[in-house]
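Student: Below is one structure. I have some questions about it.
Just so it is clear, none of the values below were taken in a lab; they were calculated from the coordinates. Note that the structure is a prediction, hence the values are computed from the model and not measured. Don't worry about glycine lacking a Cβ; one is built from the backbone with ideal geometry, like all the others, and counts go over all protein chains shown.
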């Protein structure tokens, strides 16, 4: 499969629940109370408990890795808005899309990622570099 600039990857939707935040906190050892304590989160000016930034970034990266274009060489993003995770069974819906923004001189692909929560972008300048495999 030939992949050119403008190629759109299959979109992905991921729900993050409070249970996901607990599991991520345990794996990352990031027990900051803004990720699990509603009272604390609101006292520091947040609307509610928020997802870990690195969890949001990891979830967004899945839109690239699920496309199986090749090896992920690098991935960067800026955190621009929190993902607020309600205390219910539905959680927060993170909507992900991506497209090839450039084919680099060495043949690698720069993939531009869009991550949205509640209709608003939550990551800025989210970009991955993928080294295509022969099968891609």
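Student: Please go through the range 50-69 and pick out each residue that is under 16 Å from residue 133 (Cβ atoms) and assigned to a loop (DSSP other than H, G, I, E, B).
Tutor: 66, 67, 68, 69
Student: Are there any pairs, at least 6 apart or on different chains, whose C-beta atoms fall under 9 Å, with the first in the range 1-26 and free of Cβ contacts under 8 Å to residues at least 12 places away in the same chain and the second surrounded by 13 or more Cβ atoms within 10 Å (Cβ to Cβ), and if so, which?
Tutor: Matching pairs, first to second residue: 2/136; 19/91.
Student: If you go through the range 80-114, how many residues are free of Cβ contacts under 8 Å to residues at least 60 places away in the same chain and within 13 Å of the chain's Cα centre (by Cα)?
Tutor: Residues flagged as free of Cβ contacts under 8 Å to residues at least 60 places away in the same chain and within 13 Å of the chain's Cα centre (by Cα) within the range 80-114 amount to 6.
Student: For residue 68, work out the one condition from (1) within 20 Å of residue 12 (Cβ to Cβ); (2) touching a strand residue (DSSP E or B) at 6+ places or on another chain (Cβ under 9 Å) it doesn't fulfil.
Tutor: (2)
Student: Could you tell me which of the residues 72, 93 is under 21 Å from residue 36 (Cα atoms) and part of a strand (DSSP E or B)?
Tutor: 93
Student: Continuing with the same structure: Can you tell me how many residues within the range 1-35 are out of contact with any helix residue (DSSP H, G or I) (no Cβ under 6 Å at 6 or more places or on another chain), more than 20 Å from residue 96 (Cβ to Cβ) and assigned to a loop (DSSP other than H, G, I, E, B)?
Tutor: 6
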